[in-house]
Amino acid sequence: QFTQKDYSSHLYEAELAVHQQSFEEYEDDIFKSMVQLTNSNRPDLDLYKQQPYLTFAIRSKLIDFLLKMSVRLKILPFVFFRAVRIFDRYCSKRIVLLDQAQLIITTCLWIASKVQGGNNHFVNLNNLEKITCIKTINDLGYGSGGKYLGPTERFRLPKLHELVKLCGAKCKYDQGMFKQMEIHILSSLDWSLNDPGIEEFITTSREFCIMSAYSADNEMFKVKEFLCYLSLYAPELIDINIIELSQVMLALINEALGFYPGDRLFQKVIGEEAIHTEIEPHRYRAIKTNLIKAVMGATDYSLRLFNSRGPQFFYNQINALY
């Protein structure tokens, strides 16, 4: 029987300290590059609206489908968010036929998993009947480094046969179609996928930690993940710069949960001193309004998925305040 050991919290803190020390030397250059990439790799809402077949209602159903697939595959947090952003960028450049929509958005999840991370599925979908034949740690899905539990979730990339299976027999997709679509999407986006994810502006390393000593931070992490995922359902936010989106999100969290400057849990954009991004008041109000609508219109599935204390309290506060 294989058992994992808890990762050392002292070692984790030491690693974070060394990382921060190394990062500070290049901080201004890093954030300058991140800002440039967020501006250049942004979907275009006006072009999106010209899609002859893909309506926003169909897009919402595709996002529902992808979210359920992400949960089934145990995709790591925020990979789903990146996948939808890649899909939106693709839809700003190419016409999407409805019979290929599922293939395209699932391939975007596959690409996002490679770029940002994968999943930590305990047992592969194809070996459920062979559980007695598990011989190595890789069979369990831990991957390399699986000796320890923490400091963050382990992952492995979703496999092609899993994506084919989860899309269903009616779609009649095969592994070759995913490979072809991957190349087509990448070439359509000029192979430019190194833009930062929204989590790089709103979450800290400690919030990603799954060790029990960081449980309070993990609950705040869930609130942010909840709000980010719901924001994807608002078509008005498709082309919003993610730095601006991050600023409004964190301000909304502070407002709804009653955090003030000086509080330990007060939220602010990571690197805001180096970014120097200001939002015009009318633009800020528009983003905030659409975020509130997205939260108030949360699906039953989303509420069941984020059923922990933090997201549920945030959801109730939004409904009570607005």
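The values are calculated or read from the model by the stated rules, or taken from the named source; none is laboratory data. Since we're looking at a predicted model, the values are computed, not measured. Methodologically, a virtual Cβ is constructed for each residue, glycine included, from the backbone with ideal geometry; neighbour enumeration extends over all protein chains shown.
Numbers for the structure displayed
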quantity: Among (1) under 16 Å from I243 (Cα atoms); (2) in contact (Cβ under 8 Å) with a residue 40 or more places away in the chain - the single one I279 does not satisfy; calculated: (2)
quantity: Identity of the residue in the range 76-101, outside any helix (DSSP H, G or I) and under 9 Å from the mean Cα position of the chain (by Cα), that ends up surrounded by the most Cβ atoms within 10 Å (Cβ to Cβ); calculated: F78
quantity: Failed item, numbered, when T55 is tested on (1) more than 29 Å from S188 (Cβ to Cβ); (2) out of contact with any Leu (no Cβ under 9 Å at 6 or more places or on another chain); calculated: (1)
quantity: Candidates L265, L257, L250, filtered to the one that is more than 16 Å from T203 (Cα to Cα) and of a type in the set (A, V, I, L, M, F, W, C); calculated: L257
quantity: Which listed residue is exposed (fewer than 14 other Cβ atoms within 10 Å of the Cβ) and of a type in the set (G, A, S), from G297, G310; calculated: G297
quantity: Within the range 162-183, tally of residues that are of a type in the set (K, R) and touching a residue at least 24 places away in the same chain (Cβ under 8 Å); calculated: 1
quantity: Residue identified as in the same structural domain as E162 (by TED's automatic domain parsing) and under 30 Å from I238 (Cβ atoms) among L76, L37; calculated: L76
quantity: Residue tally, condition closer than 16 Å to L227 by Cβ and charged (D, E, K, R), over the range 254-309; calculated: 5
quantity: Matching residues, the range 6-33, being in contact with a Ser or Thr (Cβ under 8 Å, 6 or more places away or on another chain) and surrounded by fewer than 11 Cβ atoms within 10 Å (Cβ to Cβ); calculated: none
quantity: Any hit, the range 288-298, residues being closer than 19 Å to L245 by Cα, basic (K, R) and modelled with pLDDT of 95 or more; calculated: yes
quantity: Helices (runs of 4 or more DSSP H) wholly inside the range 213-322 that include at least 3 residues being over 29 Å from N39 (Cβ atoms) and more than 19 Å from the chain's Cα centre (by Cα); calculated: 309-321
